[in-house]
Amino acid sequence: MAITLGGGGGSTAYPTIFLSKSQTFVPPQDGNVCIHVIGAGGSGSGSRLTTEAGGGGAGGYCKKNSLAVTTSSSFTVVIGAGHVPTSGHSAGGNGGNSTVAGTGLSSTLTANGGTGHPKNSTAGSGAGGTAANGDVNNTGG
């Protein structure tokens with residue numbers, strides 16, 4: 001997940017903070033933030049036949065364009081885990097969901113994980129994860 005901090009106008013460059021593990025996040029300064037949430041990708045399947053192997057689906061993407069925060073705000077961040085690629089003749093696993101909930105958000109920002117590639121399937125890849133409650137919600141490829 002990435003959070004871009006911003007202030008009120010001017011040409012000041014503001015930091016982007018990347019969170020790679022689940023945690024409680026407290027903004028380090030007052031201002032506005034842009035929140036990007038990405039679900040984890042699913043894994044591919046293993047097969048003895050190359051025509052039956054495929055990739056996992058990408059995680060969904062959710063973006064909150066702007067949210068006013070203060071140093072007394074607090075957010076619960078859950079980072080979905082990617083699925084470990086399979087070996088042998090087995091199906092791929094699903095990626096985990098990523099979410100952000102907290103001060104000023106009316107609904108939890110959600111980016112679901114992609115699905116794993118099914119066993120013995122000639123389909124190109126697993127389905128992409130969906131996303132909900134952001135200003136931008138994209139399904140993974």
Some residue of the stretch 77-89 being touching a Phe, Trp or Tyr at 6+ places or on another chain (Cβ under 7 Å), modelled with pLDDT of 90 or more and buried (at least 22 other Cβ atoms within 10 Å of the Cβ): no
Qualifying position, being at pLDDT 90 or above and part of a loop (DSSP other than H, G, I, E, B), among GLY92, GLY114, GLY141: GLY114
Candidate set: the stretch 117-138, residues that are touching a strand residue (DSSP E or B) at 6+ places or on another chain (Cβ under 7 Å) and surrounded by fewer than 21 Cβ atoms within 10 Å (Cβ to Cβ); chosen: the one modelled with the lowest pLDDT: LYS119
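This table checks each residue for (1) out of contact with any Ser or Thr (no Cβ under 8 Å at 6 or more places or on another chain); (2) open to solvent by 50 Å² or more (accessible area, probe 1.4 Å); (3) at pLDDT 80 or above; (4) not β-branched (Val, Ile, Thr).
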site: LEU5; (1), (2), (3), (4): no, no, no, yes
site: THR16; (1), (2), (3), (4): no, yes, yes, no
site: LYS21; (1), (2), (3), (4): yes, yes, yes, yes
site: THR24; (1), (2), (3), (4): no, yes, yes, no
site: ASP30; (1), (2), (3), (4): no, yes, yes, yes
site: VAL37; (1), (2), (3), (4): no, no, yes, no
site: GLY56; (1), (2), (3), (4): no, no, yes, yes
site: GLY59; (1), (2), (3), (4): no, no, yes, yes
In the stretch 12-37, the residues that are hydroxyl-bearing (Ser, Thr, Tyr) and under 13 Å from VAL100 (Cβ atoms): SER22, THR24
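The values are calculated or read from the model by the stated rules, or taken from the named source; none is laboratory data. Please read these numbers as outputs of a predicted model, since none were measured by experiment. A quick note on method: Cβ atoms are made from the backbone with ideal geometry, for glycine too, and the neighbour counts reach across all protein chains shown. Protein only, heavy atoms only, side chains kept; ligands, DNA and RNA dropped before computing areas. Shrake-Rupley method; radii C 1.70, N 1.55, O 1.52, S 1.80 Å.
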